[in-house]
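Asker: Encoded as structure tokens, here's the structure I'll be asking about.
The values are calculated or read from the model by the stated rules, or taken from the named source; none is laboratory data. Nothing here was measured: the structure is a model prediction, and the numbers come from that model. Reconstructed Cβ throughout: ideal geometry from the backbone, glycine too, with neighbour counts over all protein chains shown.
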Amino acid sequence: MLVGVCDFPGSYAFPPAGYGGIERWLWAVAVGARTAGADVHLLGPSWLTDLEHDWVRKPVRLEDLTPGSLAERELRSAGYDLLVVGHEYPSLPAWTRTWNKLDCDMATFQHSPVFQHTDTAFDGKRSRLYCYSPEMIERYAAHQPIPELAVHLGLDEEEPPAVAGSDLIWLGRIDEEKAPHIAVRAAQILGRRIQIVGPVFDDAYVRRHQRLFSADHVKWVGELGGTAKTAVIRDASVFVYTYARAYVEAGAAVFGESLRAGTPVAALTWREGTCAQAALCDQTGVVAVADPAVDDETAAELLARAIERAEDLKYAVVQEIGMNRFDPARHFRAMASRP
């Protein structure tokens, strides 16, 4: 099988060193495809040039090709069986025009809870949309979505054997939608130190919660990638997951990252059917479901109890389950198979 994994214009490299959800997912698909025995072409100019030593890299984007051009004919002659692309592109006329000329399957994962697809973007067979959680399946029901847990990888993020860690950890983009202040307050209730890992996307949000974020039990780590990122997750006792009441998480990378490192998850959600419920089981994490009407203090208390329970889980079991549930080759095989 020949697979083309397509980049897109953006501010992160392919694969990214730290943050960058869709970019990390596309890299995981490429790694998984190769592991599963497929031939892989990295399509687009944003893939790191260093990859040319080990990968076939073709710096061309489907939407930029002129109809009937030599570049289009060369792409068609390659004989792709499957293209994997970011979720916006099956609804982009210039991209789909070239894709239709290639006569191959296409698969994408829904990484946005609000993007609107065209009515004809997916047929559920040749063109397939995958969604992480029951609530995302429901939101995109008109496009025949297929349930699947997304896998995300970065460079040099191979996980060593699990250990019993010490601090709590919260990782992600730091803004109102991700609500890390609730995790910080839950850690404070327990008298525990928490490490905050990730880029600040909203300075005003951080200032609003400055009293919490500047407390002695909070360690600001910044954005990490590679072995440093894997190490800080592995060395934590519990990964703490939060998000805002109205936010819909489309396909969280952090669950796979934490479980593959052997770190159990304590998750706060505001309803059933979220990514947390899809990703976790009673051997890998604890999900606290809060009524959206309660205040942040009550939610933090619920989360604190979940953290205490998650800490009793077995780290080696968490890692074994995580390695299977979030295996790149398994993920690729699922996306490469027509239902």
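Asker: Just for helices (runs of 4 or more DSSP H) wholly inside the range 274-339: which have at least 3 residues that are touching a Leu at 6+ places or on another chain (Cβ under 9 Å) and either closer than 12 Å to residue 262 by Cα or not assigned by TED's automatic domain parsing to the domain that holds residue 191 (or both)?
Answerer: In the range 274-339, the matching helices (runs of 4 or more DSSP H) lie at 315-325, 328-336.
Asker: While we're looking at this one, here's another question. Could you check the range 203-249 and list, in sequence order, the residues that are surrounded by fewer than 18 Cβ atoms within 10 Å (Cβ to Cβ), more than 22 Å from residue 290 (Cβ to Cβ) and touching an Asp or Glu at 6+ places or on another chain (Cβ under 6 Å)?
Answerer: 226, 227
Asker: Separate question: Among the residues of the range 8-31, what is the count of those that are within 16 Å of residue 42 (Cα to Cα), assigned to a helix (DSSP H, G or I) and of a type outside the set (Lys, Arg)?
Answerer: Here the count works out to 9.
Asker: OK, next. Which members of the range 303-322 meet the condition of being surrounded by fewer than 17 Cβ atoms within 10 Å (Cβ to Cβ) and among the aliphatic types (A, V, I, L, M)?
Answerer: Answer for the range 303-322, where residues must be surrounded by fewer than 17 Cβ atoms within 10 Å (Cβ to Cβ) and among the aliphatic types (A, V, I, L, M): 316, 317.
Asker: Could you tell me which numbered condition residue 269 fails, if it satisfies all but one of (1) in contact with a strand residue (DSSP E or B) (Cβ under 8 Å, 6 or more places away or on another chain); (2) surrounded by fewer than 18 Cβ atoms within 10 Å (Cβ to Cβ)?
Answerer: (2)
Asker: Just need a number here: residues in the range 96-106 that are surrounded by fewer than 18 Cβ atoms within 10 Å (Cβ to Cβ) and under 16 Å from residue 120 (Cβ atoms).
Answerer: The number of residues fulfilling the criteria is 2.
Asker: Kindly state which helices (runs of 4 or more DSSP H) lie completely within the range 167-247 and contain at least 3 residues that are of a type in the set (D, E, K, R) and free of Cβ contacts under 8 Å to residues at least 24 places away in the same chain.
Answerer: 203-208
Asker: For the range 102-122, how many residues meet the condition of being hydrophobic (A, V, I, L, M, F, W, C) and in a loop (DSSP other than H, G, I, E, B)?
Answerer: 5
Asker: What do you reckon, is residue 93 surrounded by fewer than 16 Cβ atoms within 10 Å (Cβ to Cβ), in the same structural domain as residue 149 (by TED's automatic domain parsing), over 23 Å from residue 328 (Cα atoms) and touching a residue at least 12 places away in the same chain (Cβ under 8 Å)?
Answerer: no
Asker: To continue, here is another question. What's the number of the only condition in (1) at pLDDT 95 or above; (2) surrounded by fewer than 15 Cβ atoms within 10 Å (Cβ to Cβ); (3) in a loop (DSSP other than H, G, I, E, B) that residue 80 fails to meet?
Answerer: Of the numbered conditions (1) at pLDDT 95 or above; (2) surrounded by fewer than 15 Cβ atoms within 10 Å (Cβ to Cβ); (3) in a loop (DSSP other than H, G, I, E, B), the odd one out for residue 80 is (2).
Asker: Restrict the check to the range 249-265 and report whether at least one residue is of a type in the set (Lys, Arg), assigned to a helix (DSSP H, G or I) and closer than 29 Å to residue 83 by Cβ.
Answerer: yes
Asker: How about the range 121-175: which of its residues are modelled with pLDDT under 95, among the small types (Gly, Ala, Ser) and either surrounded by fewer than 19 Cβ atoms within 10 Å (Cβ to Cβ) or in contact with a Ser or Thr (Cβ under 7 Å, 6 or more places away or on another chain) (or both)?
Answerer: Passing the criteria: 164, 165, 166.
Asker: Residue check: is residue 3 in a loop (DSSP other than H, G, I, E, B), over 26 Å from residue 224 (Cα atoms) and either in contact with a helix residue (DSSP H, G or I) (Cβ under 6 Å, 6 or more places away or on another chain) or hydrophobic (A, V, I, L, M, F, W, C) (or both)?
Answerer: No; evaluated as a whole, the condition is false for this residue.
Asker: Take the residues in the range 190-202 that are among the hydrophobic types (A, V, I, L, M, F, W, C) and within 23 Å of residue 311 (Cα to Cα), then tell me which one is surrounded by the fewest Cβ atoms within 10 Å (Cβ to Cβ).
Answerer: 190
Asker: Restricting the search to the range 9-32, which residues are surrounded by fewer than 24 Cβ atoms within 10 Å (Cβ to Cβ) and either of a type in the set (Val, Ile, Thr) or in the same structural domain as residue 222 (by TED's automatic domain parsing) (or both)?
Answerer: If the condition is that a residue be surrounded by fewer than 24 Cβ atoms within 10 Å (Cβ to Cβ) and either of a type in the set (Val, Ile, Thr) or in the same structural domain as residue 222 (by TED's automatic domain parsing) (or both), then 31 is the only one that fits.
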